[in-house]
Amino acid sequence: TDSAEPHLVSKIKCLGIHRYIAGQGDAAETLVIDTDPGELEHNAFVAQNRALFDVLCDFLEDAEAQKEGQNYSVYDTDVIDRIWGVKTKGLVFDTLLAHRALYPDEPHNLHHIAFTFSDAEPWKPPKNKNGMEVFETKDDLHDYNAKDCVGASISARTLRRRLREEKCDRIHDIDLRKAALAMQMNQFGIPISLQRREEFGAKALRDRDESLAQ
């Protein structure tokens, strides 16, 4: 994307999907899809790539297609819904939430997690702008995205096992559910009483004035 803050994202530049095939000698496949609209308006870009977006939407909205990712439960689901109007279903594991349940005092970014649970070499570019990586070419971006996917996938396998060993798997599952509820609240809001809000505001002003007068 073009921003580390979900609400400031204006475009999704690419989408990476990694599939680990269990029981086949650690076979894996990684696909990076170029979704950068460039100078086009979003609707025009989608119209030009209708077949691609139909397939992507079907995959993301398929609850039977189980998905896992790094901070996917908060950042990615929010951005994909806001930019593409697609609600991701089938999210079953988040490496950030799993790592936080096991190691609450450590950094929870993907680089730290991947360095801990795999033999991944540093892959972050040296340049950074507004919290986002800066790439020389599109190929560099796509290569980076693929390495993100692989690092998260390898780490997830170890994190799943350690969650079970430490009996922390329920913590991850509860946090995943809480993240989904938080995203729903963020998207749809929560009901409030305007009258009660005005009453609380008036009381706060009275408390302030009384404190200042003392």
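The criterion of being of a type outside the set (Gly, Ala, Ser) and in contact (Cβ under 8 Å) with a residue 24 or more places away in the chain does not hold for ASP139. Pairs only if they're at least six apart or on different chains, beta carbon under 6 angstrom, first in the range 82-106 and farther than 27 Å from PHE53 by Cβ, second among the β-branched types (Val, Ile, Thr) and open to solvent by 20 Å² or more (accessible area, probe 1.4 Å); list them, first residue then second. Close Cβ pairs (under 6 Å, with a partner that is among the β-branched types (Val, Ile, Thr) and open to solvent by 20 Å² or more (accessible area, probe 1.4 Å)) amount to ALA101/ILE171. Within the range 157-180, the set of residues being exposed (fewer than 12 other Cβ atoms within 10 Å of the Cβ) and within 26 Å of HIS18 (Cα to Cα) comprises ARG161, ARG164, GLU165, ARG170, ARG177.
Out of LYS67, LYS124, LYS89, LYS138, report the one residue that is within 19 Å of ALA179 (Cα to Cα), open to solvent by 30 Å² or more (accessible area, probe 1.4 Å) and in contact with a strand residue (DSSP E or B) (Cβ under 9 Å, 6 or more places away or on another chain).
Details: LYS67 fails: open to solvent by 30 Å² or more (accessible area, probe 1.4 Å); LYS124 fails: within 19 Å of ALA179 (Cα to Cα); LYS138 fails: within 19 Å of ALA179 (Cα to Cα).
Within the list LYS67, LYS124, LYS89, LYS138, the selection yields LYS89.
Per the listing THR77, THR30, THR88, the residue uniquely of a type in the set (S, T, N, Q), in a strand (DSSP E or B) and modelled with pLDDT of 90 or more is THR30. In the range 124-146 there is no residue matching the filter, namely being farther than 21 Å from ASP36 by Cβ, modelled with pLDDT of 90 or more, in a helix (DSSP H, G or I) and out of contact with any Pro (no Cβ under 6 Å at 6 or more places or on another chain). Scanning the range 170-201 for residues that are within 22 Å of the chain's Cα centre (by Cα) and free of Cβ contacts under 8 Å to residues at least 40 places away in the same chain gives ARG170, ASP173, ILE174, ARG177, LYS178, LEU181, GLN184, MET185, PHE188, GLY189.
Assess whether GLN195 counts as being modelled with pLDDT under 95, open to solvent by less than 100 Å² (accessible area, probe 1.4 Å) and assigned to a helix (DSSP H, G or I). No; evaluated as a whole, the condition is false for this residue.
The values are calculated or read from the model by the stated rules, or taken from the named source; none is laboratory data. Bear in mind the structure is a predicted one, so any value in this text is a computation, not a measurement. Every residue, glycine as well, gets a Cβ built from its backbone with ideal geometry; the counts of neighbours run over all protein chains shown. Calculation scope for accessible area: heavy atoms of the full protein, side chains included, ligands and nucleic acids excluded. Shrake-Rupley method; radii C 1.70, N 1.55, O 1.52, S 1.80 Å.
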